[in-house]
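This report refers to the structure that appears directly beneath it.
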């Protein structure tokens, strides 16, 4: 008995793609998505699904498993959420970037250094020192105006206060608004004030200035088709539109007074023949209020995007010379800021030459807040004579999301094609296009009524070629031969690569392991590694990896034995590396006070431990939350009678810990180091030298005796590799001997300091789950 198709379309679909598999009964897949049984064979049991369907389901399960495995290995287990718990929907991924704002200062506009080099400290945010960026999308704590990024900062100084006006990309409207923040500590920390200007069109580049006692703002609103001037009614939040200065859609317009006249540097990309991001115009007027007229040679620059034509901040006069900033958009929009000395500026002439900007670019790439782009600077002189600058920066290139999604889609298409190819080779996918359904009937109709008649010949030829190709491919390629197996291996490797690309493109974020702010502020720490010449290979790998971590300021190498390496030539480092040569080979040198260290936080990390930068950054935030504690990644539980040193498994089994190994731990150098080297600890340090072990146990005893509260805290790393297992120079390679020495230390320290002051703390006590 045969099943009659319910319609001509169903019939065509059945014959168009024959996915029959021979089994006890026969199944066919219809266009309606139903499996039709052969009713004359109902008495037979056990009938499987179509081989094609089973093949694709198996492939889906395999690729899903590979994707999950890749995500588990490559992605941090704890999602980075800048606004987590604040009920604000900002800081969403944006194709324009993730711009933030930082502060620079120096003796001149061309000798500026980032804020962290000034060693400004903030106890409110446990930031010692305060580090850039000082203002991000997470700083905009306004549910009505959530922000994806902040950019184009301009500074206005009013007495002891500083006001920063900036573009705010609204997460809801996807439009630029003008926000304002204030600072009372010379720009070290900023608090969000509110929205200064919100129009029906996009606003950015809020150039702010004072003229005759009034405060004006000239934002970019080229979408409106003109350049408008706003006047403050109630500074800084209330403004009114004063007048239209120029009836042209000028972009990034900046005003400067020079030689008795006012000049505007701007771009008009809608001008006929103008090169986008490569055109510059000049306008002049007797006052900022106008009337404005064009320079005779406009556009004065019209060329490549990398020329720095588009304005990149406030022009300024220094030592009688006029300078301006321009954007280099060659590699990506807003790639960097370039500085120009304007040699000649009249209504008929314009000549400028490029000069060094004087700012050293970060070598950390995406791990630095401005590692890939910085396109705006506002430099002003303070009453003290020093200079301050606001700069915006980004860690991702322009159109990052578009590139990611395009790459992911292409990889997904490749994965699908490879999967179909394997199915054809194994005979699981057998799509047949009968020629009869491609040809018109006597009445001129076709079995494919939805297909335009003019396309039928082309479809027919393509179907015939596909039929022949698939048949020839199956006939010639013997899958059990060496060539067949090799082909399968190559296809599998390509599929694995495609899966990884798909998962990384759609779920991998921007690829940076970003720092975690605390109380809205960022900070930095110094890394200390103790080693000697036999472990130089470890050290090189260590420095290259950890120097890229966002919050690392300096790496100090305590060199205990042998000829020290040259830090300038031996290491590939993104931060300064300092070799501190010690006259005596002692483990106590790890905690020696060092006046050259400029950060309060010290990350003691053995040179044979490798972990992700995200783990390190999470540990740093946990320490900033409780800077009086020893915060680390290797917990131990010391108990029993007599005392015995055991590994982490014992602590997990007993569901608690009371000690953190300082081989991977954050500590307050200003407090802990001085206590460790106090007169009262002479006997303990002597025991460390005697056994060449146990300096970390002594530090735990010292900190526990100094407080009645909690002295240690554990942070679980996503993964950590101990390279000492592959080296013959590690002091802990003999595990049993190492543990025996540490048990001896516990007994001696308990006698010296009156018992064990270490209190037990449970795992999983943090709300964020970092100590699981």
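Using only alpha carbon pairs under 8 Å that are at least six residues apart, calculate the relative contact order of the range 155-250 and give it in whole percent. Could you put the intermediate results ahead of the total?
Numbers: 220 pairs, mean separation 18.5, N = 96.
Result for the range 155-250 is 19 percent.
Taking the Cβ of each residue in 713, 519, 514, 220 as the centre, tally the other Cβ atoms inside 10 Å and list the residues starting with the fewest.
Lowest count first: 519, 514, 713, 220.
Using the basic label-point model (7 angstrom from Cα toward the beta carbon), what is the residue 108 to residue 740 distance in nanometres?
About 6.7 nm, to one decimal.
For a label point 7 angstrom out from the Cα of residue 690 toward its Cβ, which stretches of the range 639-666 have the backbone nitrogen within less than 20 Å?
642-645
Of 142, 268, how do they rank once you tally other Cβ atoms within 10 Å and put the fewest first? Don't skip to the end; give the middle numbers.
On the way: 142 15, 268 21.
Ascending number of Cβ neighbours within 10 Å: 142, 268.
Work out Dmax and Rg for the range 325-424 from the C-alpha atoms and quote the Rg first, both in angstrom.
Just the Cα atoms of the range 325-424 yield Rg and Dmax of 21.8, 77 Å.
Which residues in the range 607-628 place their backbone N less than 18 Å from a point set 7 Å from the Cα of residue 572 along the Cα-to-Cβ direction?
610-613
Neighbouring Cβ atoms within 10 Å as the yardstick, rank 607, 123, 177 fewest first.
Sorted ascending by nearby Cβ count, the order is 123, 177, 607.
Please report, to one decimal in angstroms, the Kirkwood hydrodynamic radius of the range 294-370 built from all distinct Cα-Cα pairs.
On the way: mean 1/r = 0.0724 Å⁻¹.
Computed over Cα pairs of the range 294-370, the Kirkwood hydrodynamic radius comes out at 13.8 Å.
Just how many % of Cα pairs in the range 166-280 lie over 21 Å apart, if you round to the nearest whole percent?
The calculated P(r) of the range 166-280 puts 43 percent of pairs beyond 21 Å.
Once you treat every alpha carbon in the range 100-398 as an equal point and sum by Debye, what is log10 I(q)/I(0) at q = 0.06, 0.09, 0.10 Å⁻¹?
Those come out to -0.17, -0.40, -0.50, one per q.
Sorted from largest down, give the three principal axis spans of the alpha carbons of the range 651-757, whole angstrom values.
The principal-axis extents, from largest down, are 38, 31, 29 Å.
To one decimal place, what orientation-averaged projected area in nm² is obtained for the convex hull of the Cα set of the range 522-674?
Computed as one quarter of the Cα hull surface, the answer is 10.1 nm².
Stick to Cα atoms and the Kirkwood definition of Rh, then tell me Rg/Rh for the range 366-434.
Working: Rg = 25.8 Å, Rh = 17.0 Å.
On the Cα set of the range 366-434, Rg over Rh gives 1.52.
With the crude spin-label approximation of a point 7 Å out along Cα→Cβ, what separation in nm comes out for residue 720 versus residue 762?
Once both label points are built, they end up 2.3 nm from each other.
Would you mind calculating the relative contact order of the range 100-398 from Cα pairs under 8 angstrom and at least 6 residues apart, reporting the percent as a whole number?
Answer for the range 100-398 is 15 percent.
Full-extension gain between residue 60 and residue 380, please, as 0.36 nm times their residue separation minus the C-alpha to C-alpha distance.
109.3 nm
What distance in nm separates the two pseudo spin-label positions at residue 247 and residue 95, each 7 Å out from Cα along the beta-carbon direction?
Each label point lies 7 Å from its Cα, and together they span 3.4 nm.
Gain in length, residue 654 to residue 175, computed as 0.36 nm per residue apart minus the alpha-carbon separation, to one decimal in nm?
Extending this stretch completely gives an extra 167.0 nm.
Read the figures in this text as sums done on the coordinates, not as results from a lab. Since we're looking at a predicted model, the values are computed, not measured. Note that we place each Cβ from the backbone using ideal geometry, even for glycine, and neighbour counts take in every protein chain shown.
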